[in-house]
Amino acid sequence: MRASRPLVTKDAPDATSEYDRPSKTQLKKASHDLQDLGEAVVALPEDRLAGLPIDESLLNAIQEFKRTRSHEGRRRQMQYIGKLMRRADPEPLREAVAAMQLGRAKDALALHEAEHWRSELIASDDALTGWMAEHPQADLQQLRSLIRAARKDASVAPEQRSGKAYRDLFKFIRQGTHVEADDE
């Protein structure tokens, strides 16, 4: 007959040392997360990289990745970057990537807002009042002239449209919203 061994559960005090370390799956996930962060860091422009508090070997590896052209070379270099990132503090890198993504999102939002204003201004005279209330520094005479030209261009057959007035109105609106955003 076999001697019965006591059942060891996760809550037993003897078993705590066995479960203190992370599992292999957790380690792999953390490694892949760092490699993904490395891919995002590599996509940052040079001026953003220069201001980051990162190890010189990691910075050199990132610059080497940007110079590498072959697919296999880039893949291996990215793995090396992931390895170096395990030794680095990832928080400043995450913050830099998040700031870059937030900047892109703000730019996209500003473009959508400008497109919306352009559509509204061409469609309705009431939109001009709303625009002037939000952007009192705008040149009203130039804006009216651009709106008239865009409406005139929109009224002709699609094959005969130049689109220049439509683009000029967009540029004017974009500059007005960009100046407003800088003032805040």
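Some observations on this one:
- Using alpha carbons only, the radius of gyration of segment 38-130 set against its Kirkwood radius gives Rg/Rh = 1.26.
- Listing V41, V97, V156 from fewest to most neighbouring C-beta atoms within 10 Å gives V156, V97, V41.
- Eligible lysines near K24 by straight Cα distance, threshold 23 Å, same-chain separation 8 or greater: K10, K83
- Legend: distances between Cα atoms for K106/K171; K29/K106; K66/K106; K29/K66; pairs beyond 29 Å are K29/K106.
- Using the average count of surrounding beta-carbon atoms within 10 Å as a protection proxy, the listed peptides 25-34, 58-67 rank, highest first, as 58-67, 25-34.
- Annotation: the residues Y80, Y19, sorted from fewest to most other C-beta atoms within 10 Å of their own C-beta, follow the order Y19, Y80.
- Electrostatic bookkeeping for W117 treats Lys and Arg as +1 and Asp and Glu as -1; over the other residues with beta carbon under 10 Å from its beta carbon, the sum is -2.
- Rotationally averaged projected area of segment 104-183 (alpha carbon convex hull; nm²): 5.5 nm²
- For segment 24-88, alpha-carbon Rg over 2.2 N^0.38 Å: 1.09
Quick note: the coordinates plus some simple rules give every number you see, no bench work behind them. Computed from a prediction, not measured in an experiment: that's the story for all the values here. Cβ coordinates were reconstructed from backbone atoms using ideal geometry, including for glycine residues, and neighbour counts include every protein chain displayed.
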